[in-house]
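These notes concern the structure reproduced below.
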Amino acid sequence: MRNLLIGLAIALLVVAALAWTTLSQTGVECEVCIVFDGRERCASAAAATRTEAEQTAAMTACGVLASGVTDAFRCQATLPRSVSCTGE
């Protein structure tokens, strides 16, 4: 019984640490809309900084729009049609 309680306490500490880490790194949320090869996609992402949130949202949008590595690089180099951020 004692080992079960110790294991449960450790599991709760790990879950709490994971939740705290995840929530503390999402200070800014951005939505980025990209037009690439005639198609448009918008995606949102949250991160600790605006730059990280914008980059992650752009990568997510390009992941749907691009086919292959070369297209992905070209897409990510495209200027977004719009960028909207909150929590700055």
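The values are calculated or read from the model by the stated rules, or taken from the named source; none is laboratory data. Since this is a predicted model, take the numbers as computed values, not measurements. Positions of Cβ are generated from backbone atoms using ideal geometry, with glycine treated the same way; all protein chains shown enter the neighbour counts.
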- Query: Of the residues Thr70, Thr78, which is among the polar types (S, T, N, Q) and without any contact (Cβ under 8 Å) to a residue 12 or more places away in the chain?
  - Reply: Thr70
- Show the residue pairs that are 6+ apart or on different chains and have beta-carbon atoms under 6 Å apart, the first residue being within region 36-59 and surrounded by fewer than 16 Cβ atoms within 10 Å (Cβ to Cβ), the second being in a loop (DSSP other than H, G, I, E, B). Ala48/Gln25; Ala48/Gly27
- The residue from Ala43, Ala19, Ala11, Ala57 that alone is assigned to a helix (DSSP H, G or I) and at pLDDT 95 or above is Ala57
